[in-house]
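Step one of this worksheet: look at the structure below.
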């Protein structure tokens, strides 16, 4: 997935219009997942999204809805919105194919699941990134290599 400047602008416009409860008419001709982070200054107010590829506008609207309906989040206090579009998740078969600066991770073991995006990988190598994703799922950080019941998927991520 490679977004140009116009596609990034349209993606952000979709998110901001929906956040303001305005009708969303813009469209992007691609299928993807989307994640939204709401912040007040540097403080996190919400971080939600969808991984399943769908029409981009629908994915963005769903991600905004998830972030805004989280009862732990004071959306009215948010003053910044970050948006990422994601490619389709695929199994991580070789750790060497993972680029923490470009790929997101989805880790699942039974009812435990967690998502990690490159914005959370600051300075981490592949193994530390995988460990952080396990911790986000409520698992021990080394289980990605030790537990056969863990499913690790990775996907491309682009900031919009």
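In the range 38-47, which residues are over 16 Å from residue 105 (Cβ atoms) and crowded, with 16+ Cβ neighbours inside 10 Å?
Within the range 38-47, 38, 39, 45, 46 qualify.
Filter the range 116-126 down to the residues that are in contact with a helix residue (DSSP H, G or I) (Cβ under 8 Å, 6 or more places away or on another chain) and at pLDDT below 95, then identify the one that is surrounded by the most Cβ atoms within 10 Å (Cβ to Cβ).
Checked the range 116-126; the qualifying residue surrounded by the most Cβ atoms within 10 Å (Cβ to Cβ) is 116.
Which members of the range 88-106 meet the condition of being in a strand (DSSP E or B) and either modelled with pLDDT under 95 or farther than 19 Å from residue 36 by Cα (or both)?
Passing the criteria: 90, 91.
Only one of these is buried (at least 20 other Cβ atoms within 10 Å of the Cβ) and over 30 Å from residue 27 (Cα atoms): 144, 84. Name it.
144
So, residue 59, is that one closer than 30 Å to residue 140 by Cβ, outside the structural domain of residue 141 (by TED's automatic domain parsing) and modelled with pLDDT of 95 or more or not?
No, not satisfied.
Which of the residues that make up the range 117-127 are more than 21 Å from residue 37 (Cβ to Cβ) and outside any loop (DSSP other than H, G, I, E, B)?
126, 127
The values are calculated or read from the model by the stated rules, or taken from the named source; none is laboratory data. The shown structure was predicted, so the numbers you read here are calculated from the model rather than taken from an experiment. In this analysis, Cβ positions are derived from the backbone assuming ideal geometry, glycine residues included, and neighbour counts consider all displayed protein chains.
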